[in-house]
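*Asks:* Got a structure for you, questions after.
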Amino acid sequence: MYKLISCTLLVVFHVSITFGNSPTYTHYDPHTLLELQCDQCPPGTFVRQDCTTEKTTECAPCPFNYFSEEWSSHKDCQYCSAVCKELQFVKQECSSTTSRICECMDGFFLDIEFCSPHKECQPGYGVLQQGTPDSDTICGECPKGMFSNLTSSTASCQKQTNCKMLGRKVLYKGSSTRDAVCKEGSTLCEIDVTLCEEALFRFPAPPENWIMTLIERFSSTSLTFKQINKIQETYNAEEQPFYLFKLYKSQSKADDSFTPLIKDLKVCERRVFNLLGPLNLTSKNIMALMQSLPRKHVKPEDIEKTLKTCEGPKQLIKLLSLWRNKNKGNTLEVLKQLKMGQLTKVLRKRMKKLGEFLTGDAMYSLYQKIILEINGNQTQPVKLETLL
């Protein structure tokens with residue numbers, strides 16, 4: 001049981017008094033002149049009596065409000081922390097193996113010895129890192145496209161509303177302190193050129209000097225001669241009026257001189273909506289229609305986006321516009337080339353009526369009326385509803 005080690009000159013005895021696998025500590029016994037390896041006391045206790053050559057270490061439990069976290073050779077236990085201060089609560093109560101742990105309440109952090117409120121980020125700034133019981137809030141300026149209109153210790157910067165993704169125009173631009181405000185109603189469904197506008201400016205029998213009349217009219221607004229010359233060089237005479245009007249519409253704001261034309265076109269568009277009527281189409285029906293169009297197909301994601309942002313007949317009109325712009329095509333011609341066998345009976349009937357209307361007598365009458373309006377030759381107003 002004893003391990004004796006002798007050294008030359010000095011006589012020192014080392015004795016190990018241990019049990020199990022507990023850690024040990026070195027104890028020099030002045031009575032026996034032996035250096036002993038005694039067992040440490042486990043957590044929750046302290047060394048009451050060091051070991052001797054005859055008995056192991058004597059341990060005693062920590063008294064009330066004292067603790068010992070680890071195996072040790074200490075002759076006493078540590079005193080538990082004092083009671084928690086103002087704005088603190090007891091996260092962990094004192095026990096024989098743990099001290100009392102106090103923590104600041106929600107919304108506060110320990111600043112030296114006292115609990116202070118977390119810093120609040122001002123408008124234009126958001127929380128980069130929320131405060132904890134031991135650390136304060138970290139604020140950061142809202143990056144471009146994000147905002148915060150709050151004074152808060154918990155709110156981070158939020159993304160500004162994307163009006164375009166919602167199919168709306170911007171009423172007020174967003175900033176670091178406010179969200180963007182969108183105009184009411186869907187605007188992504190308002191295409192660059194409507195079916196009625198396309199029919200009028202692609203009519204198969206334009207009057208003499210029609211293109212020159214339009215050039216003179218449009219060049220006085222927002223179009224440059226360079227833009228007009230490019231259209232004349234790129235497109236044939238039959239296509240020039242359409243692309244001239246398309247460019248004018250994309251670059252011009254409301255023009256009072258075109259108020260009669262705009263009013264007439266809106267009446268025509270209402271007629272188109274009435275012809276198409278409620279279709280109750282499924283995504284599968286829409287995909288079949290778009291697949292039946294020749295040349296390049298509209299991307300599925302653009303179709304899905306249109307279905308989300310457009311309602312009723314506007315879905316079809318928007319999709320036909322997407323096809324036209326993708327292919328630089330003629331919607332009036334493609335309506336004659338639809339593979340009707342892939343479409344539902346109702347959709348076949350409506351698309352056929354639409355094509356007939358856009359190339360029929362009613363549209364021709366409207367075409368003649370608008371020619372007179374643009375030329376300034378109309379002397380007596382014509383009620384458009386009687387033509388359509």
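*Asks:* In region 204-234, what residues are more than 18 Å from Ile370 (Cα to Cα) and among the charged types (D, E, K, R)?
*Replies:* We begin by selecting, within region 204-234, every residue more than 18 Å from Ile370 (Cα to Cα); these are 219-234.
Lys226, Lys230, Glu233, listed by residue number.
*Asks:* Please determine, by comparing only the residues of region 295-304 that are within 30 Å of Lys266 (Cβ to Cβ) and of a type outside the set (D, E, K, R), which one is modelled with the lowest pLDDT.
*Replies:* Ile303
*Asks:* Output the residues belonging to region 41-69 that are surrounded by 13 or more Cβ atoms within 10 Å (Cβ to Cβ) and over 22 Å from Cys94 (Cα atoms).
*Replies:* Once the filter is applied, which keeps residues that are surrounded by 13 or more Cβ atoms within 10 Å (Cβ to Cβ) and over 22 Å from Cys94 (Cα atoms), region 41-69 yields Gln49, Asp50, Cys51, Thr52, Thr53, Thr56, Thr57, Glu58.
*Asks:* Sort through His31, His14, His27 and tell me the only one that's of a type outside the set (A, V, I, L, M, F, W, C), more than 30 Å from Ile101 (Cβ to Cβ), out of contact with any Lys or Arg (no Cβ under 6 Å at 6 or more places or on another chain) and modelled with pLDDT of 90 or more. Full working, then the answer.
*Replies:* Details: His31 fails: modelled with pLDDT of 90 or more; His14 fails: modelled with pLDDT of 90 or more.
Result of the check over His31, His14, His27: His27.
*Asks:* I would also like to ask the following. In region 124-161, which residues are in contact with a Gly (Cβ under 6 Å, 6 or more places away or on another chain) and either hydrophobic (A, V, I, L, M, F, W, C) or part of a strand (DSSP E or B) (or both)?
*Replies:* Residues satisfying the conditions are Leu128, Cys142, Phe147, Cys157.
*Asks:* Restricting the search to region 323-350, which residues are of a type in the set (A, V, I, L, M), in contact (Cβ under 8 Å) with a residue 60 or more places away in the chain and under 14 Å from Leu289 (Cα atoms)? Walk me through it before giving the result.
*Replies:* At the first step, the residues of region 323-350 found to be of a type in the set (A, V, I, L, M) are 332, 334-335, 338, 340, 343, 346-347.
Narrowing further to those that are in contact (Cβ under 8 Å) with a residue 60 or more places away in the chain: 332, 346-347.
Val346, Leu347, listed by residue number.
*Asks:* Just to be sure I understand, how many residues within region 165-174 are surrounded by 13 or more Cβ atoms within 10 Å (Cβ to Cβ) and part of a loop (DSSP other than H, G, I, E, B)? Quick ask: steps written out before the conclusion?
*Replies:* The initial filter retains those residues of region 165-174 that are surrounded by 13 or more Cβ atoms within 10 Å (Cβ to Cβ), namely 166-170, 174.
Narrowing further to those that are part of a loop (DSSP other than H, G, I, E, B): 166-169, 174.
Selection size over region 165-174: 5.
*Asks:* So which of Met165, Met146 is touching a strand residue (DSSP E or B) at 6+ places or on another chain (Cβ under 6 Å) and among the aliphatic types (A, V, I, L, M)? So that I can check it myself, show each step before the final result.
*Replies:* Working: Met165 fails: touching a strand residue (DSSP E or B) at 6+ places or on another chain (Cβ under 6 Å).
Just a single option satisfies the conditions, and that option is Met146.
*Asks:* Specify the residue that is farthest from Ile211 (Cα to Cα); the eligible residues are those in region 222-234 that are polar (S, T, N, Q) and more than 41 Å from the chain's Cα centre (by Cα).
*Replies:* Kept after step one, since they are polar (S, T, N, Q), are these residues of region 222-234: 222, 224, 227, 229, 232, 234.
Narrowing further to those that are more than 41 Å from the chain's Cα centre (by Cα): 229, 232.
Working: Asn229: 12, Gln232: 10 Å.
Taking the candidates together, the pick is Asn229.
*Asks:* Name the residues in region 70-83 that are surrounded by fewer than 17 Cβ atoms within 10 Å (Cβ to Cβ) and farther than 28 Å from Pro30 by Cβ, would you?
*Replies:* Tyr79, Ser81, Ala82, Val83
*Asks:* Being among the small types (Gly, Ala, Ser), within 21 Å of Leu319 (Cβ to Cβ) and at pLDDT 75 or above is the filter here; which residues of region 163-208 pass it? Write out each step before concluding.
*Replies:* Narrowing region 163-208 to residues among the small types (Gly, Ala, Ser): 167, 174-176, 180, 185-186, 199, 205.
This time we only want the ones that are within 21 Å of Leu319 (Cβ to Cβ), so: 167, 185-186, 199.
Hit for region 163-208 is Ala199, nothing else.
*Asks:* Just one of Asp39, Asp50 is in contact with a Leu (Cβ under 8 Å, 6 or more places away or on another chain), of a type outside the set (S, T, N, Q) and either closer than 22 Å to Ser96 by Cβ or at pLDDT 95 or above (or both); which is it? Lay out the reasoning, then the answer.
*Replies:* Numbers: Asp39 fails: in contact with a Leu (Cβ under 8 Å, 6 or more places away or on another chain).
Going through Asp39, Asp50 in turn, the sole match is Asp50.
*Asks:* Would you say Ala237 is part of a loop (DSSP other than H, G, I, E, B), modelled with pLDDT of 75 or more, more than 33 Å from the chain's Cα centre (by Cα) and under 22 Å from Gln368 (Cα atoms)? I'd like the intermediate steps shown before the answer.
*Replies:* Values: part of a loop (DSSP other than H, G, I, E, B): yes; modelled with pLDDT of 75 or more: yes; more than 33 Å from the chain's Cα centre (by Cα): yes; under 22 Å from Gln368 (Cα atoms): yes.
Criteria met by Ala237.
*Asks:* Count, please, the residues in region 305-333 that happen to be modelled with pLDDT of 85 or more and β-branched (Val, Ile, Thr).
*Replies:* The number of residues fulfilling the criteria is 2.
*Asks:* Report, by residue number, each residue of region 284-318 that is among the polar types (S, T, N, Q) and within 21 Å of Leu354 (Cα to Cα).
*Replies:* Here is the first cut: in region 284-318, the residues among the polar types (S, T, N, Q) are 285, 291-292, 306, 309, 315.
Hits for region 284-318 are Asn285, Gln291, Ser292, Thr306, Gln315.
*Asks:* Just to be sure, is Ile138 surrounded by fewer than 17 Cβ atoms within 10 Å (Cβ to Cβ), modelled with pLDDT of 95 or more and not assigned by TED's automatic domain parsing to the domain that holds Phe64?
*Replies:* For Ile138, the condition - surrounded by fewer than 17 Cβ atoms within 10 Å (Cβ to Cβ), modelled with pLDDT of 95 or more and not assigned by TED's automatic domain parsing to the domain that holds Phe64 - is met.
*Asks:* Please determine whether any residue of region 88-106 is free of Cβ contacts under 8 Å to residues at least 40 places away in the same chain, farther than 30 Å from Pro63 by Cβ and among the hydroxyl-bearing types (Ser, Thr, Tyr).
*Replies:* Among the residues of region 88-106, not one is free of Cβ contacts under 8 Å to residues at least 40 places away in the same chain, farther than 30 Å from Pro63 by Cβ and among the hydroxyl-bearing types (Ser, Thr, Tyr), which makes the answer no.
*Asks:* Shifting gears a bit: Quick check on region 61-71. Is at least one of its residues out of contact with any His (no Cβ under 8 Å at 6 or more places or on another chain) and small (Gly, Ala, Ser)? Lay out the reasoning, then the answer.
*Replies:* Of the residues in region 61-71, the ones out of contact with any His (no Cβ under 8 Å at 6 or more places or on another chain) are 61-67, 69-71.
Among the residues that remain, those that are also small (Gly, Ala, Ser) are: none.
Checked region 61-71: no residue is out of contact with any His (no Cβ under 8 Å at 6 or more places or on another chain) and small (Gly, Ala, Ser).
*Asks:* Has region 280-303 got any residue that is in contact with a His (Cβ under 9 Å, 6 or more places away or on another chain), part of a helix (DSSP H, G or I) and under 14 Å from Leu195 (Cβ atoms)?
*Replies:* Checking region 280-303: not a single residue is in contact with a His (Cβ under 9 Å, 6 or more places away or on another chain), part of a helix (DSSP H, G or I) and under 14 Å from Leu195 (Cβ atoms).
*Asks:* Restricting the search to region 346-372, which residues are among the acidic types (Asp, Glu) and either within 15 Å of Asn274 (Cα to Cα) or not assigned by TED's automatic domain parsing to the domain that holds Ala288 (or both)? Talk me through it step by step, then tell me what you get.
*Replies:* Filtering region 346-372 down to residues among the acidic types (Asp, Glu) leaves 356, 361.
Of everything in region 346-372, just one residue is among the acidic types (Asp, Glu) and either within 15 Å of Asn274 (Cα to Cα) or not assigned by TED's automatic domain parsing to the domain that holds Ala288 (or both), namely Glu356.
*Asks:* Since Gly124 meets every condition but one in (1) of a type outside the set (Lys, Arg); (2) within 37 Å of the chain's Cα centre (by Cα); (3) loosely packed, with under 15 Cβ neighbours inside 10 Å, which condition does it not meet?
*Replies:* (3)
The values are calculated or read from the model by the stated rules, or taken from the named source; none is laboratory data. Model, not experiment: these values are computed from the prediction. As a convention, Cβ positions derive from the backbone with ideal geometry for all residues, glycine included, and neighbour counts pool all protein chains shown.
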